[in-house]
Amino acid sequence: MMIEGKILKVSGPLVIAEGMRQANMFDVVRVGEKRLIGEIIEMHGDRASIQVYEETAGIGRGDIVVSTGAPLSVELGPGLITNIYDGIQRPLEAMRLQVGANITKGIDVPALDRDRIWHFEAAVEKGSAVGPGDVLGYVAETDVIRHKIMVPPKVQGTVLELRSGDYRVTDPIGRLRMANGESMPLTLMQKWPVRVARPYAEKLPPVEPMITGQRVIDALFPIAKGGTACVPGPFGSGKTVVQHQLAKWSDVDLVVYIGCGERGNEMTDVLREFPELRDPRTGKSLMERTVLIANTSDMPVAAREASIYTGITIAEYYRDMGYSVAVIADSTSRWAEALREMSGRLEEMPGEEGYPAYLTSRLAQFYERAGKVVCLGSDGRQGALSAIGAVSPQGGDISEPVTQATLRIVKVFWGLDSQLAYRRHFPAINWLNSYSLYRDRLAPWFAENVSKEWMEMTGRCMKLLQIEAELEEIVKLVGVDALSSEDRLTLEVARSLREDFMQQNAFEEDDSYTQLDKQYALMSLVFDFYEQARRAVSDGADVQKVTDLPIRERIGRAKAVPYAECEREYAAIRRAVSEQLNALVAAAQAEI
């Protein structure tokens, strides 16, 4: 049933229409002659408050509003990967080909290409009983991702027919007889409302790390597959660069990158870099496992709010196939600003700093859709969805509402520091105020897959860095000469940890990504030097001569050693450390 109303008021992206009594909350509507896309966000009697996702200039009182009778939904099927969408899943490339570089208002282009042919391989025979999430067959979406065509949630029945062959996403590939006797056509595509989490069979505890290759993250502040993390930091501290690194190197099957209200040049960097980058695991283009949601700051503010839900719904779809997926949102602060603007125009009672009182619950609705789950389907497959959100607090003040609300929800906090960024320390994650609540849960995995001493060594690393911070306060007051030889050595080793282990060069191939066993070997090198140097100092060696040893430079360059040569080179460094320190001790004792 088509429901028509008339506009009473236009206030920026907010339109109020009357005559909408039969419409439902969150229905998609078409506004004005140009049929702008909007969504009902409030109902009062027959008046509907509509959030319009396009520029509202030119529409006015008395214009017609038509409800589609369906909620804002995304199309899910082959063709999502490698595509670039806006916040409401309109394909940007297809729109450019249709109307040119400037997107016209009211344009309606389907999210999935209706003309592209996909080869479908059936995996279920005629007469089979299937339920929600059961795999009907496969489509080779890219060289990396094998797309599983699944029975939609809440649907079950008996397969009447299912044929392998070449199809468009809207072509029937078979039919299903439902429990009520009716038959239902099956296609390669299904739809799902973005504000509703996709169902799963069971939620599992996160016990496996999402390996990023970034040493400060993997060693000190790890995130689990299915975990949640936030990356707050002031302007210029490297939030976007950290997120690019995570998108490039994380050991997940698929990445959904949401540019939520970010500057256009940052999204342009992503669009240019990702097709050229090689996935280290497959050797293929990184775009073959990436979906991009490009919603820049010059697009209508209301569309930011939808972009987060669009991205995580696509991620849940691939999670349901049994894949490990990472959702990277940059940034949730811009998303919260969209909430604040709409809340203000709705004349709601403001909360702290003008944000709506429901800010925390909306953030929680996003992050709680992450997790490791047993997917729907009879094969018991497992999938994981990890959610990582950047937060851009004004002036770097993490006491502001969006950051605090996020920290109450997520389990990992990677606090970026502008001072570290200005010193060209990358990643600029401050080791003194960051934390991960997954460390204890992941300890058994690290002990089994890397080393039984992993947790002890990483804990020792954090303790040494905290001691360094305390000693730095003393040095500021009385100078380094007032410290004991052991404290001076501690400062030097902590500096080595910071510069030789935690700092990485994103432009150097062998340093941009570091395998876990190489990370452990690097830490071992630093601590081996520390132990032997302490013994040498206690045996009479001068601490300044110990810290000035030529081998120190070789330890500093160890992180750039190619992975295949690590074992041989690190063994040679250990031998050189022993030889040079023994020579120093012998010389010191000879002087006595």
Worksheet item: Which one is farthest from ARG272 (Cα to Cα) among residues in region 80-104 that are open to solvent by 40 Å² or more (accessible area, probe 1.4 Å) and in a loop (DSSP other than H, G, I, E, B)?
Response: THR104
Worksheet item: Inside region 325-357, can you point out the residues that are open to solvent by 10 Å² or more (accessible area, probe 1.4 Å), outside any helix (DSSP H, G or I) and either free of Cβ contacts under 8 Å to residues at least 12 places away in the same chain or closer than 18 Å to VAL291 by Cα (or both)?
Response: GLU347, GLU348, MET349, PRO350, ALA357
Discussion item. When you scan region 491-504, do you find a residue that is open to solvent by 40 Å² or more (accessible area, probe 1.4 Å) and under 22 Å from THR212 (Cβ atoms), even just one?
Written reply: yes
Fill in: Test for GLU473: is it within 21 Å of LEU525 (Cβ to Cβ), open to solvent by 30 Å² or more (accessible area, probe 1.4 Å) and out of contact with any Ser or Thr (no Cβ under 8 Å at 6 or more places or on another chain)
no
Worksheet item: If you take the residues in region 147-166 that are within 34 Å of the chain's Cα centre (by Cα) and part of a loop (DSSP other than H, G, I, E, B), which one is surrounded by the fewest Cβ atoms within 10 Å (Cβ to Cβ)?
Response: LYS154
Worksheet item: Is it the case that region 363-373 has a residue that's under 16 Å from VAL231 (Cβ atoms) and out of contact with any strand residue (DSSP E or B) (no Cβ under 6 Å at 6 or more places or on another chain)?
Response: yes
Worksheet item: Are any residues in region 364-383 touching a Ser or Thr at 6+ places or on another chain (Cβ under 8 Å) and over 13 Å from ARG198 (Cα atoms), and if so, which ones?
Response: TYR367
Worksheet item: Of all residues in region 124-137, which are assigned to a strand (DSSP E or B) and surrounded by 18 or more Cβ atoms within 10 Å (Cβ to Cβ)?
Response: VAL130, VAL135, LEU136, GLY137
Worksheet item: Filter region 555-564 for residues that are out of contact with any Leu (no Cβ under 7 Å at 6 or more places or on another chain) and surrounded by 11 or more Cβ atoms within 10 Å (Cβ to Cβ); which is nearest to ASP517 (Cα to Cα)?
Response: TYR563
Discussion item. Checking the conditions here, which among VAL144, VAL169 is in contact with a helix residue (DSSP H, G or I) (Cβ under 8 Å, 6 or more places away or on another chain), at negative phi, in a loop (DSSP other than H, G, I, E, B) and touching a residue at least 40 places away in the same chain (Cβ under 8 Å)?
Written reply: VAL144
Worksheet, complete the sentence: Among the residues of region 362-400, the number that are buried (at least 20 other Cβ atoms within 10 Å of the Cβ) and free of Cβ contacts under 8 Å to residues at least 60 places away in the same chain is 3
Worksheet item: Among the candidates ASP487, ASP417, ASP517, ASP511, which residue alone is crowded, with 21+ Cβ neighbours inside 10 Å and acidic (Asp, Glu)?
Response: ASP417
Worksheet item: Could you list, in sequence order, the residues of region 451-470 that are over 26 Å from ARG441 (Cβ atoms) and exposed (fewer than 13 other Cβ atoms within 10 Å of the Cβ)?
Response: ALA469, GLU470
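The values are calculated or read from the model by the stated rules, or taken from the named source; none is laboratory data. Not measured: the values here are computed from a predicted model. Note: ideal-geometry Cβ built from the backbone for every residue, glycine included; neighbour counts use all protein chains shown. Just the protein is used for accessible areas: all its heavy atoms, side chains included, with ligands, DNA and RNA removed. Shrake-Rupley method; radii C 1.70, N 1.55, O 1.52, S 1.80 Å.
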